[in-house]
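The values are calculated or read from the model by the stated rules, or taken from the named source; none is laboratory data. What you see is a predicted model; the values in this text were computed from it and never measured. All Cβ positions, even for glycine, are placed from backbone atoms using ideal geometry, and neighbour counts span all protein chains on display. All accessible areas refer to the heavy atoms of the entire protein, side chains included, with ligands and DNA or RNA removed. Shrake-Rupley method; radii C 1.70, N 1.55, O 1.52, S 1.80 Å.
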Amino acid sequence: FFDGGVIINQEPPRQWIADHAGFMLLDFREVNGQFDLVPFITFEPVSHAALFTAGNIAEGTFKFETIPLEDRQASQISVKWRQERSSINPANPGMFPQIKEVLVREVSPYGDETLPIEPIDMSAFCTNENHAIDVAKFTLRMRRLRDHAISFETTYDGLEGITTGVGPGDMIRVAMAA
């Protein structure tokens with residue numbers, strides 16, 4: 001993907017990157033004082049950085065939260081993107097960009113044309129229709145598949161035996177008794 005936008009505000013670069021990384025399907029991380037952009041999607045087998053159990057999760061800190069159904073409602077996504085014009089031919093309408101829009105929905109049974117339309121405006125920086133479609137598909141899929149979140153605390157002692165070094169965004173396994 002390519003960011004064809006211009007940064008015109010005085011927002012700190014760190015905040016701008018954090019706000020826009022998701023539109024590039026990237027996860028923005030800070031590890032040991034260094035910034036890192038990592039793809040959300042991998043086409044390689046997923047390896048888990050660590051296994052967390054009752055033995056290395058601090059007692060009373062494990063929380064399992066179901067994401068409310070209203071936050072996971074199916075929808076269609078209308079994405080605006082910018083088509084750049086590079087022609088200098090006088091017969092061509094000009095070199096000014098045109099704002100285009102594409103409507104994306106999942107196939108049946110997850111989506112249909114009667115669902116509400118949610119707008120996403122990427123026209124300030126997105127210059128490729130496939131980029132816009134990929135962001136919309138990822139958003140729809142994550143909304144449908146992600147149904148819970150967990151949080152917990154651990155200690156350095158709890159990390160004993162985990163040699164891979166767990167960091168923000170790493171895939172982990174959690175095994176807790178029901």
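Structural remarks
- With the convex hull of the Cα atoms taken as the outline of the chain, the averaged projected area works out to 15.4 nm².
- Label positions at Asp147 and Ala58, each projected 7 Å from the Cα along the C-beta direction, are separated by 3.1 nm.
- For segment 1-42: rounded, prolate or oblate by the Cα gyration tensor [a/c cutoff 1.5]: oblate
- Estimated FRET transfer efficiency (Glu118, Arg72; beta-carbon r; R0 22 Å; 0.05): 0.95
- The peptide list 57-69, 73-85, put in order of mean Cβ contacts within 10 Å with the highest first, becomes 73-85, 57-69.
- For the chain, the 222 nm mean residue ellipticity estimated from helices alone, with every DSSP H stretch of n ≥ 4 adding -39500 (n - 2.57) and the total spread over all residues, rounds to -4500 deg cm²/dmol.
- Taking each residue as 0.36 nm, the span from Ile17 to Ser108 lengthens on full extension beyond its C-alpha to C-alpha distance by 29.3 nm.
- Sorting 128-134, 28-34 by average packing, meaning the other beta carbons within 10 Å per residue, from highest down gives 128-134, 28-34.
- Unit charges on C-beta of K, R, D, E only; dipole of the chain, Debye: 480
- Accessible carbon and sulfur surface of the chain relative to its total accessible area, %, 1.4 Å: 55
- Acute angle (nearest 10 degrees) that the helix 129-145 long axis makes with the longest principal axis of the chain, alpha-carbon atoms: 30
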